[in-house]
Structure formats: structure tokens, C-alpha cells
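Below: one structure, written as C-alpha cells.
The values are calculated or read from the model by the stated rules, or taken from the named source; none is laboratory data. Please read all numbers here as calculations on a predicted model, not as lab measurements. Using ideal geometry, Cβ is built from the backbone for each residue, glycine included, and neighbour counts are taken over all protein chains shown. The area values use the complete protein model at the heavy-atom level, side chains included, leaving out ligands, DNA and RNA. Shrake-Rupley method; radii C 1.70, N 1.55, O 1.52, S 1.80 Å.
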Amino acid sequence: MTDFAATRAQFHIPEGVIYLDGNSLGPMPVAAEARAAQAVREEWGEMLIGGWNKAGWMAMPRVLGRHVGRLIGAEPGTVVIGDTLSIKVYQALAAALAMRPERRVVLSDSGNFPTDLYMAQGLIKSLGQDHELRIVAPEEVEAAIDEDIAVVMLTEVDYRTGRLHDMAAISARAQAAGALTVWDLAHSAGALPIDLAGSGADFAAGCTYKYLNAGPGAPAFIYVAPRHSDMALPALSGWLGHAAPFAFEQGYRPGEGIDRMRVGTPPVLQMAALEAALGVWDGVSMTDIRARSIELSELFIAEVESRCPQLALASPRDPLQRGSQVSFRFEESYAAVQALIARGVVGDFRAPDIMRFGIAPLYIGEDEIRRAALILQDVMENRLWDDPTYRARAAVT
């Protein structure tokens, strides 16, 4: 059994804070500070450019990719780290479209994270081949998959409501229709068990700064199923995706397998923090994470609904139909979230009216859940949100 008291001790949580925003930015693992300092002082500081060889910087994207791969059910050697999630979504979608040249429709849903849709729109425009981005309601996705679809591009867990797609069922439906799938795992990697290999997923990408706790700006990852790895052509053909980067050839030759999905120079200092963050997962069972997440989420919903009748549950009622977050609707959600933060309960707001709370069992327990609900009750009953200070919108909500 996973020892959640032991994992909690591996995080720095500021005194007096109940942190329910790990679905947006995970807290700092205690080991990350020393590991980042080591990378700065001993590697960059003392080794200088020699760090690429002596400290293993060049191999880190693949080495860390193996660690992430174990958390998302990927086959060995099919995940690589680097760049941002937007870039990795672009790469995956471009490669998938190139593998279905006779089709022109990218299917997504209205719950997808906007940047994925933006990347699809930009790619479609640049291709100039009359592709279409078709957006349907989340519950209509399976029925909308037919022989016109080239790629089904979805975020597994809806960033607003936490609604969870059935990856295996949708992947099977897409495969039967001759389409490919691109999965965004931003809100599911580290939050629930994922079986990319068993589900038949074609491509996937995700970030490491949410439930994987690697810090702001931490690099993303990309997965390519082994059956596609030597056929997928990277639209962003950067030098580190070349078969021989230091041959400095004038023409591009894609590297073997997942290496071809590397683009630019990897962010070494951020990868050092990611390395430390992934160490927290040693001995952690994703099955235990999921079971504990459901227990805590159910407790939070019960506590909030009994104390705050002003709030309406926006997440699916069935815990098997949602990821590791709970969302409520309230017309003054932004101000209410700011009032909560001022009292030490950190959640976040998503337009137009969502109060969003991430449930991360690695560092959250029943005591925090109950105290958070009590503080939320105080904010709602006493209209503490009704303060001009809390209505002023910050740049990041």
C-alpha cells in the first residue's frame, strides 16, 4: 500500500496553506531545491559545457521519459521529454494528419483545453489543404467518429469540470473507423491510472508541472505508439530530432523511434527539478492514488454540498466519470476563490463561473479536505467574497 504520510513529507507546503491547486501547478518537492542547486553549482557551474556529456544532460529527455512512461502505461522507449505541451500537441497532430492524407477532419470537443484547439487551428491554416476542425459536445464524441475523421484529438480529463473520457472505448472506435487518436494527458498524468499501450492510443502528450510537480515551466512529454514511431514525421524537425545531431548535415534525417520527436535544446535546469519530482513516485501505486483520490473527492463533495447550498456541482456525480478534481459553479466564483485564497485555501477559477479544486493524495488528506470545506462555508455564508478587493481580476486566474 502506498504510504501517503511518507509522500506528504516529501513536499514543501507553506505553513497554514491547504493546497487544492495541484491540477494547475503542483507544489515543490523538498528534493527539488537541492537537485536544482546541484545542477546549477556542480554541473553548470563546474562542468560548464562538459555537463552535456559528464552530467548526462543529452540523455535526460529519454531517461526521464522512461520514468514518466511508467506512470502513463507506455511501452518502454516511447516517451521523450522536452519543449512545451503546445509544441508536443502540434507535433503529434501534424504527424497524425500526415499519416491520413486522404482525410481532412480533426475531431475534438468543447471541453478541450483551448490551446489544443488553437494549435489545431494554426496547423490547419498553415497546411492549406482544406482541413476542418470539428468540435462537438464531450458526450457526442464517440457518435461523431466516422470514416471522414482523420484524427480524434481530446484532453482525457476536462480542465473545467473534470469529466473523464473513456480512452479505451474512444481509441477503439477511432481505430475501427480508420482514424488516429491524439490524447492530451495534462490533467490525468499523475492523477489516475493510464494505459496508453493497452488502450490502443496512437499519440499522447502532457505536461509535468501539474500532478507530476516539476515546477513552473517544466517541460512536456510526448508519446508515440511503437507501431508508428518510425513512420511519424515530425513537422518541427529540430536538430536534436536529427538522426545524427552533431554531424551537422544540411538536410534533415529523422532519428529513430521517439528520438525524432525531440526538437530543440532540452531545458536542463527544469529537467533536474523534474528528476527530483519523479523520485517522489518511487513506491507509489497509481491504483492507490486513484482509490484515495475518489475517497477524498467524495468527501469534499459531501462536505461542500451539506455546507454550501449556493454552489452547484459542475463535475460528474459518478466518481468513475471524473478525474482528480472537483468543480462547482457559482456566479461570483472568481471573487469567492480569491476570498478562499486569502484564508489559506488555494483553488482556482476558470471562466465563466467555475471554482476548481484539485485533489492530489500525495500531499492532501482528510483533515485538509474537511478544513477547506469549513472555510468555504464561512466564505459563502458570510458573503466574504463580496469585497471589491476580491473582484479585481489578476493576470492569472
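Filter the stretch 97-120 down to residues that are part of a helix (DSSP H, G or I) and open to solvent by 70 Å² or more (accessible area, probe 1.4 Å), then give me how many there are.
So the answer is 1.
Filter the stretch 269-298 down to residues that are crowded, with 21+ Cβ neighbours inside 10 Å and among the β-branched types (V, I, T) and give me whichever is farthest from M47 (Cα to Cα).
I289
Please go through the stretch 331-377 and give me each residue that is part of a loop (DSSP other than H, G, I, E, B), touching a helix residue (DSSP H, G or I) at 6+ places or on another chain (Cβ under 7 Å) and under 14 Å from T397 (Cβ atoms), ordered by number.
G347, D353
Of everything in the stretch 24-40, what is open to solvent by less than 20 Å² (accessible area, probe 1.4 Å) and in contact with a His (Cβ under 6 Å, 6 or more places away or on another chain)? Give them in sequence order.
none
Got at least one residue in the stretch 39-55 being closer than 18 Å to W281 by Cα and among the β-branched types (V, I, T)?
no
Do we have L85 as more than 25 Å from A197 (Cα to Cα) and not small (G, A, S) here?
Spelling it out, it is not the case that L85 is more than 25 Å from A197 (Cα to Cα) and not small (G, A, S).
A168: without any contact (Cβ under 8 Å) to a residue 12 or more places away in the chain and open to solvent by 10 Å² or more (accessible area, probe 1.4 Å), yes or no?
Against the criterion (without any contact (Cβ under 8 Å) to a residue 12 or more places away in the chain and open to solvent by 10 Å² or more (accessible area, probe 1.4 Å)), A168 does not qualify.
Tally up the residues in the stretch 257-288 that are outside any helix (DSSP H, G or I) and not small (G, A, S), please.
Counting residues in the stretch 257-288 that are outside any helix (DSSP H, G or I) and not small (G, A, S) gives 9.
Between residues in the stretch 69-96 that are outside any loop (DSSP other than H, G, I, E, B) and residues that are among the aromatic types (F, W, Y) and at pLDDT 95 or above, which pairs lie under 6 Å by C-beta distance while being six or more apart or on different chains?
Going by the 6 Å Cβ cut-off, the qualifying pairs are V79/F221; V79/Y223; I81/F221; A92/F203; A96/F203.
Does any residue in the stretch 299-315 that is touching a residue at least 40 places away in the same chain (Cβ under 8 Å) and open to solvent by less than 70 Å² (accessible area, probe 1.4 Å) come within less than 9 Å, Cβ to Cβ, of a residue that is assigned to a loop (DSSP other than H, G, I, E, B) and of a type in the set (S, T, Y) six or more places away or on a different chain, and which pairs are these?
A314/T161; S315/T161
Here are the criteria: (1) at pLDDT 95 or above; (2) open to solvent by 20 Å² or more (accessible area, probe 1.4 Å); (3) under 25 Å from G65 (Cα atoms). Tell me which single one L233 does not satisfy.
Only one criterion in (1) at pLDDT 95 or above; (2) open to solvent by 20 Å² or more (accessible area, probe 1.4 Å); (3) under 25 Å from G65 (Cα atoms) is unmet by L233, namely (1).
I'd like the full set of residues that are open to solvent by less than 50 Å² (accessible area, probe 1.4 Å), part of a helix (DSSP H, G or I) and either hydrophobic (A, V, I, L, M, F, W, C) or under 17 Å from F246 (Cβ atoms) (or both), limited to the stretch 41-58.
Passing the criteria: G50, G51, W57.
How many residues are within 18 Å of Q310 (Cα to Cα) and of a type in the set (D, E) when one looks only at the stretch 351-394?
5
Can you tell me which residues in the stretch 284-315 are in contact with a Ser or Thr (Cβ under 7 Å, 6 or more places away or on another chain) and farther than 15 Å from Y363 by Cα?
Matches in the stretch 284-315: A314, S315.
So which residues in the stretch 207-230 are without any contact (Cβ under 8 Å) to a residue 60 or more places away in the chain and open to solvent by less than 50 Å² (accessible area, probe 1.4 Å), if there are any at all?
Result: A218, single match.
Among the listed residues L123, L127, identify the single one that is open to solvent by 20 Å² or more (accessible area, probe 1.4 Å) and on the phi < 0 side of the Ramachandran plot.
After ruling out the rest, the residue left standing is L127.
Every residue in the stretch 12-23 that is touching a residue at least 24 places away in the same chain (Cβ under 8 Å) and open to solvent by 10 Å² or more (accessible area, probe 1.4 Å), please.
I13, G16, V17, Y19, D21
Of everything in the stretch 226-256 that's of a type in the set (F, W, Y) and assigned to a loop (DSSP other than H, G, I, E, B), which residue is farthest from F203 (Cα to Cα)?
Out of the qualifying residues, it is F248.
Restricting to the stretch 243-261, name every residue that is open to solvent by 60 Å² or more (accessible area, probe 1.4 Å) and more than 25 Å from V68 (Cα to Cα).
F246, F248, E249, Q250, Y252, R253
Looking at the stretch 323-336, is at least one residue in contact (Cβ under 8 Å) with a residue 60 or more places away in the chain, open to solvent by 50 Å² or more (accessible area, probe 1.4 Å) and out of contact with any Cys (no Cβ under 6 Å at 6 or more places or on another chain)?
Looking through the stretch 323-336, none of the residues is in contact (Cβ under 8 Å) with a residue 60 or more places away in the chain, open to solvent by 50 Å² or more (accessible area, probe 1.4 Å) and out of contact with any Cys (no Cβ under 6 Å at 6 or more places or on another chain).
Among D318, D387, which is open to solvent by 40 Å² or more (accessible area, probe 1.4 Å), free of Cβ contacts under 8 Å to residues at least 40 places away in the same chain and among the acidic types (D, E)?
Only one candidate qualifies: D318.
Considering each residue of the stretch 25-54, count those that are over 30 Å from G347 (Cα atoms) and touching a residue at least 60 places away in the same chain (Cβ under 8 Å), and give that number.
Looking only at that region, the number is 6.
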